[in-house]
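The values are calculated or read from the model by the stated rules, or taken from the named source; none is laboratory data. All figures in this text were calculated on a predicted structure; none of them were measured in a lab. With ideal geometry, Cβ positions are generated from the backbone for all residues, glycine too; neighbour counts draw on all protein chains shown.
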Amino acid sequence: MDSGEQWKTIWAEEERKSFEGWDFSYIDGRYRSGALPWDYQEIVMSHLRPHHRLLDLGTGGGEALLSFGHPFEKTSVTESYPPNIALCRERLEPLGITVEGTPDDSHLPFEDASFDVITNRHESFVASEIKRLLVPGGLFITQQVGGRNNEDLSPLVIPDYRPQCPEHTLFANTESLKREGFEILLAGEAFPKIRFDDIGALVYFAKIIEWEFPGFSVEKHFDALCGLQRRLEKDGFIEGTEHRFLIGARKPE
């Protein structure tokens, strides 16, 4: 078997690896993201009190949520991805956490003014719906993946790639919250580097992040992957640029 066929076999195996929740531990040590200038968990926990009613939007498998250590009976979550909904029902519901599977950010299945704090790590949101769900003076804390995320990495794999949401920026999102009357307490933006130490890790990543690598498969993009393998052998890594922004906002009293 020549080296190309060997790579194709190895990369195809990486492409088929299962994924659940929002857990990239399978490729730990094979890729690394640059540090952000803020700590999302620390910020949330500095504002969260035991009596608060908490909603975590797009919880994935509950990984970030559980790190808050908030009382389960005062915690609710939403999730839109069907495999993760099943995972949440298996992992979170037995703890006493309320789980709602919903595909529509603009119509969430909760009563008005149901929550003191709403958290959101990498999930879309509608500012008017956040306002409806929060009590007066309630807090919304979100870390978002910006519209420029991997705009330099994705074209290396998908030659005709175009960002799907270039308008998803810190400015646009803070403005949407301001229009609903929110006071912006925190706002930050960062462009950390992401590096992959082997192409198999990038394959695994690209298969999961399908909106940034649309239509990706090892078979279809094998020539591009081989080009990246040659680059990796020369440089020691493949690098891209991530885009993150953070907002903390308070609903008016």
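What is the residue count in segment 10-28 for residues that are part of a helix (DSSP H, G or I) and aromatic (Phe, Trp, Tyr)?
Counting residues in segment 10-28 that are part of a helix (DSSP H, G or I) and aromatic (Phe, Trp, Tyr) gives 2.
Provide a single number: the residues in segment 221-244 that are among the aliphatic types (A, V, I, L, M), in contact with a Phe, Trp or Tyr (Cβ under 7 Å, 6 or more places away or on another chain) and in a helix (DSSP H, G or I).
So the answer is 1.
Could you tell me which residue of segment 123-137 is farthest from ALA64 (Cα to Cα), considering only residues that are out of contact with any helix residue (DSSP H, G or I) (no Cβ under 9 Å at 6 or more places or on another chain) and either of a type in the set (Phe, Trp, Tyr) or not in a helix (DSSP H, G or I) (or both)?
Top of the filtered list is PRO136.
Just the residues that are within 18 Å of the chain's Cα centre (by Cα) and in a loop (DSSP other than H, G, I, E, B), please, taken from segment 171-220.
Of everything in segment 171-220, those that are within 18 Å of the chain's Cα centre (by Cα) and in a loop (DSSP other than H, G, I, E, B) turn out to be PHE191, PRO192, ILE209, GLU210, TRP211, GLU212, PHE213, PRO214.
Checking LYS234 against (1) without any contact (Cβ under 8 Å) to a residue 40 or more places away in the chain; (2) crowded, with 20+ Cβ neighbours inside 10 Å; (3) not acidic (Asp, Glu): exactly one of these is not met. Which one?
(2)
Please determine whether any residue of segment 120-137 is over 14 Å from GLY240 (Cα atoms) and either hydroxyl-bearing (Ser, Thr, Tyr) or in contact with a His (Cβ under 6 Å, 6 or more places away or on another chain) (or both).
Looking for residues that are over 14 Å from GLY240 (Cα atoms) and either hydroxyl-bearing (Ser, Thr, Tyr) or in contact with a His (Cβ under 6 Å, 6 or more places away or on another chain) (or both), one finds at least one in segment 120-137, hence yes.
Hey, among the residues in segment 29-43 that are over 16 Å from the mean Cα position of the chain (by Cα), of a type outside the set (Ser, Thr, Tyr) and not in a loop (DSSP other than H, G, I, E, B), which one's surrounded by the most Cβ atoms within 10 Å (Cβ to Cβ)?
ILE43
Among the residues of segment 60-111 satisfying the criterion of being assigned to a loop (DSSP other than H, G, I, E, B) and of a type in the set (S, T, N, Q), which is surrounded by the fewest Cβ atoms within 10 Å (Cβ to Cβ)?
Top of the filtered list is SER106.
Between a first residue in segment 129-154 that is of a type in the set (Lys, Arg) and a second residue that is at pLDDT 95 or above and part of a strand (DSSP E or B), which pairs have beta carbons less than 8 Å apart while being 6 or more apart in sequence or on different chains?
Sorted first by the residue in segment 129-154, then by its partner, the pairs are ARG148/THR241.
Which of the residues belonging to segment 71-86 are farther than 16 Å from ARG53 by Cα, under 17 Å from the mean Cα position of the chain (by Cα) and among the hydrophobic types (A, V, I, L, M, F, W, C)?
ILE85 - this is the single residue of segment 71-86 that is farther than 16 Å from ARG53 by Cα, under 17 Å from the mean Cα position of the chain (by Cα) and among the hydrophobic types (A, V, I, L, M, F, W, C).
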